[in-house]
1. So which residues in the stretch 1-20 are in contact (Cβ under 8 Å) with a residue 12 or more places away in the chain, over 45 Å from the mean Cα position of the chain (by Cα) and surrounded by 10 or more Cβ atoms within 10 Å (Cβ to Cβ), if there are any at all?
2. Is it true that some residue in the stretch 35-51 is modelled with pLDDT of 95 or more and assigned to a strand (DSSP E or B)?
Amino acid sequence: MLVLSRQRDESIMIGDDVEIIIVDVRGDKVRLGITAPKSIPVHRREIYDAIQREKSEKRERGQQQEKEPQARQEKEPQAQQEKEPQAQQEKEPQGRQEKEPQAQQEKEPQAQPEEKPQAQPEEKPQTQPSK
């Protein structure tokens, strides 16, 4: 680490684009002014650390989301193999259950909406062709 001593209104250059100026010194606090291109992010350390934590959490969530579909794809064939024997056993009871609601519908007539008579076009009397 490079350690430099500076007084008020003196500066430090980092490369050709970044300048750090000592703006004020009060007791144990130093105020800095930083001039840098917009393409170079400048943050206080605690803000920088928070940004890095957030990026890390997003990456972890993204990796978990990538792993979840893979795990589902691996589990689905196993689940289908387990369900197939059960599905064959359940087919018979399901068939009975499907018939029961139909029987209930026959026993309990449902109210049907009233049908409005449709206006029929007037019939013209047919005339016989003259001979």
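The values are calculated or read from the model by the stated rules, or taken from the named source; none is laboratory data. As the structure is a prediction and not an experimental result, all values here were calculated from the model. As a convention, Cβ positions derive from the backbone with ideal geometry for all residues, glycine included, and neighbour counts pool all protein chains shown.
1. ARG6, ARG8, ASP9, GLU10
2. Checked against the condition, which is being modelled with pLDDT of 95 or more and assigned to a strand (DSSP E or B), the stretch 35-51 yields at least one hit.
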